[in-house]
1. Would you check if there is a residue in the range 37-51 being touching a residue at least 12 places away in the same chain (Cβ under 8 Å), touching a Ser or Thr at 6+ places or on another chain (Cβ under 9 Å), on the phi < 0 side of the Ramachandran plot and outside any helix (DSSP H, G or I)?
2. Do we find a residue being under 11 Å from the mean Cα position of the chain (by Cα) and on the phi > 0 side of the Ramachandran plot anywhere in the range 12-34?
3. Looking at the range 50-79, which of its residues are buried (at least 17 other Cβ atoms within 10 Å of the Cβ) and more than 8 Å from the chain's Cα centre (by Cα)?
4. Answer yes if at least one residue in the range 71-79 is of a type outside the set (Val, Ile, Thr), free of Cβ contacts under 8 Å to residues at least 60 places away in the same chain and more than 21 Å from His13 (Cα to Cα), and no otherwise.
5. Take the range 29-52 and flag every residue that is in contact with a Lys or Arg (Cβ under 8 Å, 6 or more places away or on another chain) and not small (Gly, Ala, Ser).
6. In the range 16-31, what count of residues is obtained for those that are assigned to a helix (DSSP H, G or I) and out of contact with any Leu (no Cβ under 7 Å at 6 or more places or on another chain)?
7. Please specify each residue of the range 4-15 satisfying the condition of being in contact with a Gly (Cβ under 9 Å, 6 or more places away or on another chain) and not in a helix (DSSP H, G or I).
Amino acid sequence: MTERSTGRACVAHQTASAKLVYQIIKHEQRASQSRLIAETGLDRSTVRRAVDALELCDVVEEAVDLSDARKRVYFHIGE
């Protein structure tokens with residue numbers, strides 16, 4: 001059994017969509033799902049899968065948007 005990689009090593013093994021989403025979140029430090037959709041041109045489900053993968057890599061964290069509890073925001077963590 002191998003250990004799960006985390007951080008940049010984990011991101012390097014992700015899809016191109018996940019890498020793109022990661023770069024935006026890393027640059028902005030905080031991004032909403034709607035902003036990620038607008039900036040990447042990816043559909044909602046692709047962005048959701050990318051964020052899920054990045055959370056497993058321990059480089060992104062999800063939180064409730066304090067201005068609208070129905071929305072989620074994503075933060076860059078680590079490094």
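1. Narrowing the range 37-51 to residues touching a residue at least 12 places away in the same chain (Cβ under 8 Å): 39-40, 42, 46-51.
The next check asks that each one be touching a Ser or Thr at 6+ places or on another chain (Cβ under 9 Å); those that pass are 40, 42, 46-47, 49-50.
Imposing the further condition that a residue be on the phi < 0 side of the Ramachandran plot reduces the set to 40, 42, 46-47, 49-50.
If we keep only those that are outside any helix (DSSP H, G or I) as well, we get 42.
Scanning the range 37-51 turns up at least one residue that is touching a residue at least 12 places away in the same chain (Cβ under 8 Å), touching a Ser or Thr at 6+ places or on another chain (Cβ under 9 Å), on the phi < 0 side of the Ramachandran plot and outside any helix (DSSP H, G or I).
2. Within the range 12-34, one or more residues are under 11 Å from the mean Cα position of the chain (by Cα) and on the phi > 0 side of the Ramachandran plot.
3. Initial filter on the range 50-79 (buried (at least 17 other Cβ atoms within 10 Å of the Cβ)): 50-51, 53-54, 57, 59-60, 73-74, 76.
Result: Cys57, Val73.
4. Initially, the range 71-79 is screened for residues of a type outside the set (Val, Ile, Thr), giving 71-72, 74-76, 78-79.
With the extra rule that they be free of Cβ contacts under 8 Å to residues at least 60 places away in the same chain, the set shrinks to 71-72, 74-76.
Filter once more, so that each one left must be more than 21 Å from His13 (Cα to Cα): 71-72.
So far as the range 71-79 goes, yes, one or more of its residues are of a type outside the set (Val, Ile, Thr), free of Cβ contacts under 8 Å to residues at least 60 places away in the same chain and more than 21 Å from His13 (Cα to Cα).
5. Here is the first cut: in the range 29-52, the residues in contact with a Lys or Arg (Cβ under 8 Å, 6 or more places away or on another chain) are 32-34, 37.
Across the range 29-52, the qualifying residues are Gln33, Ile37.
6. Initially, the range 16-31 is screened for residues assigned to a helix (DSSP H, G or I), giving 16-28.
Now drop any that are not out of contact with any Leu (no Cβ under 7 Å at 6 or more places or on another chain), which leaves 16, 19-20, 23, 25-28.
Number of matching residues: 8.
7. Taking the range 4-15 as the starting set, the residues that turn out to be in contact with a Gly (Cβ under 9 Å, 6 or more places away or on another chain) are 6-8.
Listed by number, the list holds a single entry, Thr6.
A short reminder: the numbers here are calculations on the coordinates, not readings from a lab. Note that the structure is a prediction, hence the values are computed from the model and not measured. Ideal geometry is used to build each Cβ from the backbone, glycine not excepted, and the neighbour counts take in all protein chains shown.
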